[in-house]
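Peer 1: The structure is given below, and queries will be raised subsequently.
The values are calculated or read from the model by the stated rules, or taken from the named source; none is laboratory data. These figures come from a predicted structure and were not determined experimentally. For neighbour counting, all protein chains shown are included, and Cβ atoms are generated from backbone atoms with ideal geometry for every residue, glycine included. SASA here: full protein model, heavy atoms, side chains in, ligands and nucleic acids out. Shrake-Rupley method; radii C 1.70, N 1.55, O 1.52, S 1.80 Å.
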Amino acid sequence: MIADDLVELLLQGLRETAYMVGVASLLAAVGGLLVGVALVLTDSDGLLPVRPVNLLLGLVVNIGRSLPFIILLVAIIPFTRAVVGTTIGTTAAIVPLTVSAIPFYARIVETALREVDRDVIAAAHAMGASRRQIVGKVLLREARPGLVAGLTLTMVALIGYSAMAGVIGGGGLGDLALRYGYQRFENDIMIATVVLLVVFVQFVQMAGDVIARRLAHR
């Protein structure tokens, strides 16, 4: 393959992967944060204990986390089609990526919130803070380093998942590696996609670590 064509293919694949991971991460951050907060609030020792709701949320999250992504990818094809109108392409791949990432990040959020010092929460409650204020100004604020570190971990996982999305024509570097590197035995493209994925993961991890450390020192 001509070098210029190879570079263009790789850049296009990188753009598609960044698009899938970026949008899915944003949606997962919002959805996972809401579910994680709900899990903490509705627990028996939470600020709004509702045990049946907590058990139901926990069950849904556990089911979502237990399904291998490649199976989830195929299992929710009707849902993907209903949401975006198609099951092929980068936009369609965002749906299963988001569905898989929300329960994953929700558990991380739950863990980060539970690590907040209970004395700080008790002090805020004694000062008359409302549930909303305790969640927004105490729990989420104190847990920011853990939340950022968890989101970084989620994004790294999504990069790997996005490569698997190439199996159903999801685009990105995974699709490029499958179509050219595997099916056509073009090893140069396979190696190049692996290198780009590694570099992408390293960039995301380093950026997340820097942000988490800065938040921890504030």
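Peer 1: Given (1) in a helix (DSSP H, G or I); (2) buried (at least 19 other Cβ atoms within 10 Å of the Cβ); (3) not aromatic (Phe, Trp, Tyr), where does THR87 come up short, assuming only one miss?
Peer 2: Of the numbered conditions (1) in a helix (DSSP H, G or I); (2) buried (at least 19 other Cβ atoms within 10 Å of the Cβ); (3) not aromatic (Phe, Trp, Tyr), the odd one out for THR87 is (1).
Yes/no matrix, rows are residues, columns are (1) within 14 Å of THR154 (Cα to Cα); (2) open to solvent by 80 Å² or more (accessible area, probe 1.4 Å):
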site	(1), (2)
VAL21	yes, no
VAL35	no, no
THR42	no, no
VAL53	no, no
GLY58	no, no
PHE69	yes, no
ILE77	no, no
ALA82	no, yes
THR91	no, no
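Peer 1: Run ALA106 past the list (1) surrounded by 18 or more Cβ atoms within 10 Å (Cβ to Cβ); (2) assigned to a loop (DSSP other than H, G, I, E, B) and report the number of the one that doesn't hold.
Peer 2: Among (1) surrounded by 18 or more Cβ atoms within 10 Å (Cβ to Cβ); (2) assigned to a loop (DSSP other than H, G, I, E, B), the lone unmet condition for ALA106 is (2).
Peer 1: While we're here: Taking LEU48, is it open to solvent by 20 Å² or more (accessible area, probe 1.4 Å) and either part of a loop (DSSP other than H, G, I, E, B) or touching a residue at least 40 places away in the same chain (Cβ under 8 Å) (or both)?
Peer 2: Yes: the conditions hold for LEU48.
Peer 1: Here is a further query. Please state which of the following conditions LEU178 fails to meet, knowing it meets all the rest: (1) at pLDDT 90 or above; (2) touching a helix residue (DSSP H, G or I) at 6+ places or on another chain (Cβ under 7 Å).
Peer 2: (1)
Peer 1: Report yes if LEU26 is modelled with pLDDT of 90 or more, open to solvent by less than 20 Å² (accessible area, probe 1.4 Å) and not basic (Lys, Arg), otherwise no.
Peer 2: Spelling it out, it is not the case that LEU26 is modelled with pLDDT of 90 or more, open to solvent by less than 20 Å² (accessible area, probe 1.4 Å) and not basic (Lys, Arg).
Peer 1: Taking the options MET190, MET155, MET164, name whichever one is of a type outside the set (Lys, Arg) and under 23 Å from GLU110 (Cα atoms).
Peer 2: Checking each option against the conditions leaves just MET155.
Peer 1: OK, next. For the range 161-210, enumerate the residues that are without any contact (Cβ under 8 Å) to a residue 12 or more places away in the chain and either surrounded by 15 or more Cβ atoms within 10 Å (Cβ to Cβ) or not hydroxyl-bearing (Ser, Thr, Tyr) (or both).
Peer 2: Answer for the range 161-210, where residues must be without any contact (Cβ under 8 Å) to a residue 12 or more places away in the chain and either surrounded by 15 or more Cβ atoms within 10 Å (Cβ to Cβ) or not hydroxyl-bearing (Ser, Thr, Tyr) (or both): GLN183, ARG184, PHE185, ASN187, ILE191, VAL195, VAL198, VAL199, GLN202, PHE203, MET206, VAL210.
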